[in-house]
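Student: One structure, pasted below without further comment.
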Amino acid sequence: MAATKGKTYDAYALGRRKRSVARIYLAEGAGKITVNKRDLKEYFPKATDRYVVNQPMNLMKLSDKYDLNINVFGGGTSGQAGAIRLGISRILLKLDPTVRGELKKAGFLTRDSREVERKKAGLAGARRKFQFSKR
């Protein structure tokens with residue numbers, strides 16, 4: 001049992017993608033998802049981001065059984081949505097290890113480790129060179 005500010009939660013998991021880090025707290029409830037103390041629709045106005053966040057719960061048909069409290073920071077909205085999806089998948093795996101095959105097949109348990117490569121000295125970007133001119 002995880003506890004935050006007086007509330008007790010059934011499970012806790014961490015998800016990361018790009019520069020985003022998401023902490024997910026799960027409790028029995030009616031399917032309410034709160035992201036950074038705001039409603040999911042308010043925090044993610046794009047439908048694609050909301051779809052990504054809900055994918056694991058919809059796959060397991062548990063979207064109306066648990067409440068999720070999510071703290072996420074860093075990166076952009078799509079990176080944050082991906083981090084939340086990984087965290088939710090990990091929580092579902094903690095609750096019921098038998099669903100591993102389904103989540104793995106859907107690709108929800110894979111940590112996407114791709115990050116932006118740093119800019120190198122003497123180059124225009126990470127790998128791009130400055131334009132060449134003979135004269």
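The values are calculated or read from the model by the stated rules, or taken from the named source; none is laboratory data. If you're wondering where the values come from, they're calculated on a predicted model, not measured in any experiment. Here the Cβ positions follow ideal geometry from the backbone for every residue, glycine too, while neighbour counts run over all protein chains shown.
Student: Go through segment 67-84 residue by residue and tally those that are buried (at least 19 other Cβ atoms within 10 Å of the Cβ), under 13 Å from LYS18 (Cβ atoms) and within 10 Å of the chain's Cα centre (by Cα).
Tutor: 7
Student: Any idea which of LEU123, LEU103, LEU93, LEU109 is modelled with pLDDT of 90 or more, among the hydrophobic types (A, V, I, L, M, F, W, C) and more than 29 Å from LYS7 (Cα to Cα)?
Tutor: LEU123
Student: Filtering segment 43-53 down to residues that are surrounded by 13 or more Cβ atoms within 10 Å (Cβ to Cβ) and out of contact with any helix residue (DSSP H, G or I) (no Cβ under 8 Å at 6 or more places or on another chain), which residue is nearest to ILE88 (Cα to Cα)?
Tutor: TYR51
Student: Could you please let me know if ASP64 is without any contact (Cβ under 8 Å) to a residue 60 or more places away in the chain, buried (at least 18 other Cβ atoms within 10 Å of the Cβ) and among the acidic types (Asp, Glu)?
Tutor: Criteria not met by ASP64.
Student: How many of the residues making up segment 13-42 are crowded, with 16+ Cβ neighbours inside 10 Å, in contact (Cβ under 8 Å) with a residue 24 or more places away in the chain and under 15 Å from the mean Cα position of the chain (by Cα)?
Tutor: The qualifying residues number 15.
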